[in-house]
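The values are calculated or read from the model by the stated rules, or taken from the named source; none is laboratory data. Just so we're clear, the structure is a prediction, and the values are computed from it rather than from any experiment. Here the Cβ is made from the backbone with ideal geometry for all residues, glycine too, and neighbour counts use every protein chain on show.
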Amino acid sequence: MVRAAEVTRGLIAVFGVLVAALVGSWLWTRVGPRSTHAPEGAVRPIRLQIPNGSGEGGVASRLASTLRQGGFHVVEVGNADRSDYFATLVVARRDDPSAAQAVARYLGSPPVVRQAWSSDLAEVTVVLGSDRSRVHLAP
């Protein structure tokens, strides 16, 4: 009987440590330091377009403000082809995904998708989805 109680206490302690680590990790992504400028060594700011697929008006403009504060060049803000995107995506529009990865890091690491195309408009597209609360936005 004593042995079962010791095992139970040990399992509870391990579970407590895991929960504390997960909460700490979550807090770090929310309030921890993040880059406040475009990547160093960049010859020019990364050009972005932001289609809003969240279904909530004004969110893409707030995201554009956040990205401009970070030194990124927002060239287009508008509505996406649909308003029911669940997840926010950062789309790399060039063969080299480093610009998209820099944007994703700045925003709190939403997924990066490669979809290269030949356009001079933007190097990166941020499709804003309904999970926008996971993305760092300006107030």
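Which members of the stretch 63-101 meet the condition of being surrounded by fewer than 21 Cβ atoms within 10 Å (Cβ to Cβ) and part of a helix (DSSP H, G or I)? S65, T66, R68, Q69, S98, Q101, listed by residue number.
Exactly one residue among R82, R105, R94 is under 15 Å from the mean Cα position of the chain (by Cα), assigned by TED's automatic domain parsing to the domain that holds G129 and farther than 10 Å from V126 by Cα, and that residue is R105.
Taken over the stretch 48-75, the criterion of being charged (D, E, K, R) and touching a residue at least 40 places away in the same chain (Cβ under 8 Å) is satisfied by E56, R62.
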